[in-house]
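Remarks on the structure that follows.
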Amino acid sequence: MIWIGICLLGAIALLPALLSLRRTTLLRDERKSALALHQAQLAELERDLNEGMIAASEHDSARLEIQRRLLGVDSLPTPEARKKGASTGTIIASLAGLPVAAIALYLAVGHPSLPAQPLAPRLAAIQKEDHRNDAIIDRLREQLKLIPPGDPSLFQGYVLLGQAEAGRDHYAAAAQAWRSAIEQRFDPEVAARAAEAQMMAEGGHISAETADLYRRALDAAPADAPWRMTVQQRIAQSEHQ
């Protein structure tokens, strides 16, 4: 089934080139087109002279220029000369051969049924990095337990812990850390972060506790806080749930 999709994608990719090639083959011979154009210009020039729209001197100079262009038509390639180049069939065959060559190159080193070989090492590296981050965050938690209540560094430590947990998409842990921070010193921006993380941990649902935290953050927020509108939207959303 996958080969049908590959063939369809190849045909779609080549369709613009084939359409432009078809339009090119419908063009007239360049020499015939140039001769017809210059002859029409001569006829128009004679008509303008007879109707008195141009002077005789202007007519003579314009006619001389058109005749010079007629002599230059001989330098244009003839249909026979163009046939010596690549024919339409050759071009079409070359275009059709591109996806065939691409598929052959793919089959030389792989197959659609083969699993993604680099996936397992990447997953192992990610898991190893997660374990390393767990150790660092656990050490940060242990250090925060040693800081006495009321110490200004305790607030900053919980803020950093919340940022680390949110960076790993551990929203429940991030909300808990930020709530511990505002218990030390209420900061409206940290309160808004805690409410947002709590909402993410609840799958987008805004509970009464989360809505209350949003309201506390909004009441204490400065007038120019960039997150005020987002908090107002969250409060309105909680009222409609």
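Some values worked out for this structure:
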read-out	value
Förster-model FRET efficiency, 45 Å R0, Ile136 and Ala108, C-beta, rounded to 0.05	0.50
Cβ-Cβ FRET estimate between Gln241 and Asp169, R0 fixed at 22 Å, reported to 0.05	0.40
Stretchable slack from Glu183 to Leu64, in nm (0.36 nm times residue separation minus alpha-carbon distance)	33.2 nm
Full-stretch length increase - Asp219, Glu44 - with 0.36 nm per residue and alpha-carbon distance subtracted	54.7 nm
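Throughout, read-outs are computed from the coordinates displayed, never taken from laboratory work. Source: prediction; values computed, not measured. Positions of Cβ are generated from backbone atoms using ideal geometry, with glycine treated the same way; all protein chains shown enter the neighbour counts.
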